[in-house]
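The values are calculated or read from the model by the stated rules, or taken from the named source; none is laboratory data. All values reported here derive from a predicted model rather than from experimental measurement. Note that each Cβ is placed from the backbone with ideal geometry, even for glycine, and that neighbours are counted across all protein chains shown.
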Amino acid sequence: MGKPLIHRSPIPGLGLSMGITLTMLSLIVLLPIGALLLKGASYGIEGIWQTVNRERVWAALFLSFRLSLFAALFNLVFGLLLAWVLVRYRFPGRRILDAAVDLPFALPTAVAGIALTALYAPNGVFGALARDLGWKIAYTQWGIFIALVFVGLPFVTRTVQPVIEEIEREVEEASATLGASRAYTLRHVILPMLTPAALTGFALALARAVGEYGSVIFIAGNIPLVTEIAPLLIVIQLEEFNYDAAAAIGIAMLLISFAMLLAINLIQVWSRRRIGHV
Amino acid sequence: MSDIPAPRFRAATEEAPAVRWTLICLAVLGLAVLVFAPLIAVFAEALARGSAAAVASLANRDAQAAIRLTLTIAAISVPLNAAFGIAAAWFITKFDFRGKAFLITLIDLPFSVSPVVAGLCIVLMFGANSLIGGWLVAQGWPIVFALPGIVLATMFVTFPFVARELIPVMIEQGRAEEEAALTLGASGWRVFRTVTLPNIRWALLYGVLLCNARAMGEFGAVAVVSGKIRGQTATMPITIEMLYNEYLSVAAFSLAALLALLALVTLALKTALEIRNADALAASHRP
């Protein structure tokens, strides 16, 4: 216990800044989450299990995770490509493209939801095209996948971009001098350097997709067991004033989110150890 | 000597032009389908029956109430979260204490919690069935299905935005300038206003912009706590949903276009800030 809890500092404002930080954090975030956990504790693991262990809930949780995983994998590949193109290549319109990557962060999810539905519904521009090919997108799991790709798009690109900017050309030159082909250099020199950042972006995109609601419900069709996502199930329970069931599903999702947060932190610790910085 | 390969004039640290242009085309095509197409669709659907119909739908009483409510929510929650962000960044970057990494994780927590779960938490804490909520309702201050609940839900989901932008900038700037100002006799507030604030203003502005865009557009958390009372607790995104479900497409997309414009302005300002910061960065690196 050699280290003091708070070191002395000549800079003023410790009490004020600590007070505001801890008070607001508690009031806005920790107490409400605590209320959910308390509700869960009041009917125990047994009670939560009985609520969650139903076909409809399992189907929703499984659907949310499976499609989020696929969407995050798509975003991992496309995000890496996008980051590389935006940092390394110079072409007209690059800055507009770079700004557009952030649009899914800035565009409200409900707006994205109805816009995607308008595009991919059978009478929409892309939907009609798909219909002619005998393919239905909106109101199927494909629609959910596209919405989740949209909301998770910026994460991998934005975490990987700064890392590519910092790569020193000497490393690539050394690799080329030693006779490596460009493909070999990209695969065995560049890609390992990008892996930690790419994984962080992947995990963030996954976490975002699992909890996503606004952009999905319009395009999903919301058929129980088929296209009903887990967050929608919570909303349905709340609309029926079935608070216990809503809380049980909410806790299941919260625990899963915590697990993913832990995974993100472990990835960062692991990459710091491997590379020295993030 | 015919087996000597022809000289190539491409640097060894570049991809072949064919590869380069293929990748660029894939990036452009991908963003065109995934990002630009939905954006264009919003405006195309809003103007499907002409601009007069779109403007008329915005003049509707419920639409006006929704716009006013959304502006009110942003006007309350964004300044509060900005104040929190500044305080948290000051606390975290100017002092050394145990559990700092844990505190940062707690501040980032709302990013990993589903907005719907966030709304659920607020309902469980302040709903009429809860201890606190029941008492508050008895006093005539309902939280859930009223403005305070929507503000709380909005603040929850936008909680980390400002702090997250400020912390890395303030870590990079260190404490030397503030300490120098204190040595010269400046008061704490004066140090903050004249030394710290000018250094962090662009990060602060960017954080506030993002926080504002998300506050005005939040749907999942607000949908759970608002009760969706037309003209009273229906924000712009909630009204968009109600109009869309009533097949009032032009009205829904006209409101959506307003929010999309806000998103575009946010992105334009962000890009402008980045260009400006890049110049400032280049200037500060000049010998």
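Just one residue in the set A:ALA41, A:ALA71, A:ALA59 is in contact with a helix residue (DSSP H, G or I) (Cβ under 8 Å, 6 or more places away or on another chain), part of a helix (DSSP H, G or I) and either more than 9 Å from every other protein chain (Cβ to nearest Cβ) or closer than 30 Å to B:GLY149 by Cβ (or both); that residue is A:ALA71.
Only one entry of B:GLY140, B:GLY149, B:GLY127, B:GLY227 meets the criterion of being at pLDDT below 90, within 27 Å of B:PRO110 (Cα to Cα) and more than 9 Å from chain A (Cβ to nearest Cβ), and that entry is B:GLY227. Could you tell me whether A:LEU97 is closer than 30 Å to B:GLU14 by Cα and either of a type outside the set (Asp, Glu) or facing chain B (nearest Cβ under 8 Å) (or both)? So A:LEU97 fits the description; yes. Scanning the stretch B:48-75 for residues that are touching a residue at least 24 places away in the same chain (Cβ under 8 Å) and not in a helix (DSSP H, G or I) turns up B:ALA48, B:ARG49, B:ASN60.
Condition test on A:ARG158, is it more than 10 Å from chain B (Cβ to nearest Cβ), more than 19 Å from the chain's Cα centre (by Cα), assigned to a helix (DSSP H, G or I) and basic (Lys, Arg)? Here the answer is no, as A:ARG158 does not meet what is asked.
The residue pairs whose first member lies in the stretch B:170-195 and is over 18 Å from A:GLY15 (Cβ atoms) and without any contact (Cβ under 8 Å) to a residue 40 or more places away in the chain, whose second member is among the acidic types (Asp, Glu) and buried (at least 16 other Cβ atoms within 10 Å of the Cβ), and whose beta carbons are closer than 8 Å, counting only pairs six or more residues apart or on different chains, are B:VAL195/B:GLU178.
Restricting B:VAL144, B:VAL157, B:VAL117 to residues that are outside any helix (DSSP H, G or I) and buried (at least 24 other Cβ atoms within 10 Å of the Cβ) narrows the list to B:VAL144. Within the stretch A:215-245, restricting attention to residues that are within 12 Å of chain B (Cβ to nearest Cβ) and part of a loop (DSSP other than H, G, I, E, B), the residue that is modelled with the highest pLDDT is A:ILE229. Just to be sure, is B:ILE150 closer than 24 Å to B:ILE73 by Cα and in contact with a Phe, Trp or Tyr (Cβ under 9 Å, 6 or more places away or on another chain)? For B:ILE150, the condition - closer than 24 Å to B:ILE73 by Cα and in contact with a Phe, Trp or Tyr (Cβ under 9 Å, 6 or more places away or on another chain) - is not met.
Residue selection: A:ALA180 satisfies the criterion of being within 12 Å of chain B (Cβ to nearest Cβ) and outside any helix (DSSP H, G or I). Cβ-Cβ contacts under 8 Å between residues 6 or more apart (or on different chains), taken from a first residue in the stretch B:79-100 that is in a helix (DSSP H, G or I) to a second residue that is hydroxyl-bearing (Ser, Thr, Tyr) and surrounded by fewer than 20 Cβ atoms within 10 Å (Cβ to Cβ), are listed as B:LYS94/A:SER9. So which residues in the stretch B:214-249 are of a type in the set (Val, Ile, Thr), under 13 Å from B:ILE73 (Cα atoms) and not in a helix (DSSP H, G or I)? Within the stretch B:214-249, B:THR233, B:THR235 meet the criteria. Of everything in the stretch A:172-220 that is β-branched (Val, Ile, Thr) and over 28 Å from A:PRO231 (Cβ atoms), the residue that is nearest to the chain's Cα centre (by Cα) is A:THR195.
Among the residues that make up the stretch B:180-194, is at least one of them assigned to a helix (DSSP H, G or I), more than 8 Å from chain A (Cβ to nearest Cβ) and of a type in the set (Phe, Trp, Tyr)? Within the stretch B:180-194 (the criterion being assigned to a helix (DSSP H, G or I), more than 8 Å from chain A (Cβ to nearest Cβ) and of a type in the set (Phe, Trp, Tyr)), the answer is yes, since at least one residue qualifies.
For the stretch A:99-154, residues that are under 20 Å from B:LYS270 (Cα atoms) and not in a helix (DSSP H, G or I) total 4.
Applying the selection to the stretch A:184-214, what residues are at the interface with chain B (Cβ under 9 Å from one of its Cβ atoms) and more than 30 Å from B:ILE240 (Cα to Cα)? Across the stretch A:184-214, the qualifying residues are A:THR185, A:LEU186. For the stretch A:88-116, taking the residues that are surrounded by 18 or more Cβ atoms within 10 Å (Cβ to Cβ) and β-branched (Val, Ile, Thr), the one that is nearest to B:LEU39 (Cα to Cα) is identified as A:VAL111.
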